[in-house]
Every structure is written in C-alpha cells, then in structure tokens.
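The values are calculated or read from the model by the stated rules, or taken from the named source; none is laboratory data. Quick caveat, the model's predicted, so the values are computed rather than measured. All Cβ positions, even for glycine, are placed from backbone atoms using ideal geometry, and neighbour counts span all protein chains on display. What goes into the accessible areas is simple: the full protein's heavy atoms, side chains included, and nothing from ligands, DNA or RNA. Shrake-Rupley method; radii C 1.70, N 1.55, O 1.52, S 1.80 Å.
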Amino acid sequence: MNSIDHLAALDPGKLTKSEQVALDHFRKKPDGRGFFAVGEILVRHLRIEEAIQVLMQGLERHPNYSVARVFLAQLFFKKHFFRESWNCLEASPSSLRTNLTAHVLRLKLCVVLNFESQARSLARELAVQDFQDGEARIVIDHINIKSFPILRRDYAEYLGWDGVNQQQKQQSQRVTEVALKSKSQDDELAQEHFQERVAKGFFSSPVQEIFVKRAAPDLKPGDLDELTRARLARRQGLYQVAFEVYERLAYAAPGNELLRREFAEIRELRDAQKEIDRQMDPKMADAMDKVRTIDKKIAILSHLLQNLEKQSMA
C-alpha cells in the first residue's frame, strides 16, 4: 500500500482548508517532502498507524529529513514501540546532535530500554538545557536519587507499559524451565537439587509460588487514603513524609508484600536524599528553600488570577 492510499482513512468533511491544500499538494507530488505535513494531519485526526506508514515510506526516499525522522520516532514511542523508536533515531544518516527534541527522546528511551550509562550521560547534558518536557525533567531530577531499576520501573508504570514486568516474568520463566528439567530425573534427586538451589539463593521463593497471585490483607478505607497520600508524596520527592506513612501502614499490615516492597524502596530514597542534603552547601540549601517559597507564592497568585478571570467572564 502506497502513501496516498493511507489518505482514504481521513474524512474529507472534517478537513480544514489548509489541510486539504496540503493533501492535494502531496497527491500531485507524492515523492516530495510533503509526506511530513501529511503525517501531522493524520496524527491530528487520530490516524497514528497510517501516519507511521506514511512517514516510514517518505523517509525511505528522504532519509536526511531529520524533522520527519524525529517525529516518527516520537510516534513509535507513543505506541510503546520503543526499540523501533530507538532504531529510527540511530538510522539517521545525518547527525542529530543539535536536535534537542531527539536528545530528550533518547533519554526517555534509554530509561525504558535499560541503557543506564547512556541515560546518565544524557541526563547530565540535558540538565543545563532549556526545554519543556516534564517527563524528561522528572527523569533528570530522580536519576541520581533513585536506583536505576526503580526509576525504570516507575517510569514504565507512568507510561502504562508493562514491558518491565514482562521481562521479569520471562526471566522467572526461564529459571522455572531450568528447574523443571530436573523433573525428568529421579524425583527425590530433583527435589534435593531444588532445595540446594533455594539454599544458595537461586530462587527468592519456591518455584511453584513464583506466579501465584497473593491477595493483599484487607485495608480500611482510611488506610487506602493514607497509601494514596504516601505515593503522591513519593512522586513529589517528599520522601520523609512518604516514609512515615509507609512505616505506619507496613506495621499495620505486615503480610502485605506490596507495602513491604514500597516501604523498603522509600527508605532507600529517603536515605539517599539525606546523604545528598548532608553534602549540599548550606547556602545552596537556603537558596533552594527560598525558591520553593517563591514558587508557592506564584502558584497562589496564579490561582487567584484564574478565579478573577472566571468571575469577570461570568
């Protein structure tokens, strides 16, 4: 299917005049660079799959069109085709070193794809750059506070991507397959080998329990509200506040494995933050407190202005 065929997915009645002009130009000259504008139009009309196909075919003819290449990589990322997004950037014949959007996207891809050293290098470079991508800013702010596996897991959870969990399941499945091969031997010998592996830490839990879903102990509505508050505090970087709430909940529900794991993670984050605070210049810490105070006042003023605008329009 060629690029023009993908235009059939668009409803002519919903196109603006400028969009119709761009599409007509592309139909007359399908081998030109108009494919990028067509890709944008398809995305605006929520035809992302068609946009991807048009951009891929266009880049085959114009591989040095870096703007279109980065746009395609962003669409791959949006669809959770992370490896394809990375390969799209890597395949660029022309350098993308001056393309800030490409570097921001690379940082997020490095986290998802578990390229730790590259992620840390990019984070250092981008920390001094001026850009508006909130996700990348969060990664930069937390990459030296959280351990990389935790940062990767939290970012994957934010994206709604279960790939990290799937990789862990695949690793567990491979471990299970290795253990089950011993079943072909004598059962008693296989059991002895299994117990030896458990004793040496080969399995963190008996193999038959790896995929068992454990029901969490019942929590009261108040506890659930507290858990939500703790998670919000963690995302905001208020690790001491989150630690105190998790500590209460963990003792109240000692059998809840999820709580125990999150409690251990927040303890690690809190301790890392304390160490950073101890090493920070007191003048810098005082300046940061002043900045936070100013930000709060600006937020209050902004809220008041919004209310005034609403009242004036009423």
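In this structure, T228 and E116 have a Cβ-Cβ separation that, at R0 = 22 Å, corresponds to a calculated FRET efficiency of about 0.15. For R261 and R97, a Förster radius of 45 Å and the Cβ-Cβ distance give a FRET efficiency of 0.65, rounded to the nearest 0.05. When the pairs K28/K79; K108/K146; K146/K274; K79/K108 are compared against a 20 Å limit on Cα-Cα distance, K28/K79 fall above it. When the charge dipole of the stretch 17-165 is built from unit charges on Cβ atoms (+1 for Lys and Arg, -1 for Asp and Glu) and taken about the Cα centre, the candidate among H142, Y155, V21 whose Cα reaches farthest toward its positive end is V21. Peptides 249-259, 39-49, ordered by how many other C-beta atoms sit within 10 Å of their residues on average, highest first, read 39-49, 249-259. Full extension of the chain between R248 and Q129 gives 38.8 nm of extra length, using 0.36 nm per residue less the Cα-Cα distance. The accessible surface of the stretch 1-76, taken with every protein chain in place and a 1.4 Å probe, is 53 percent carbon and sulfur.
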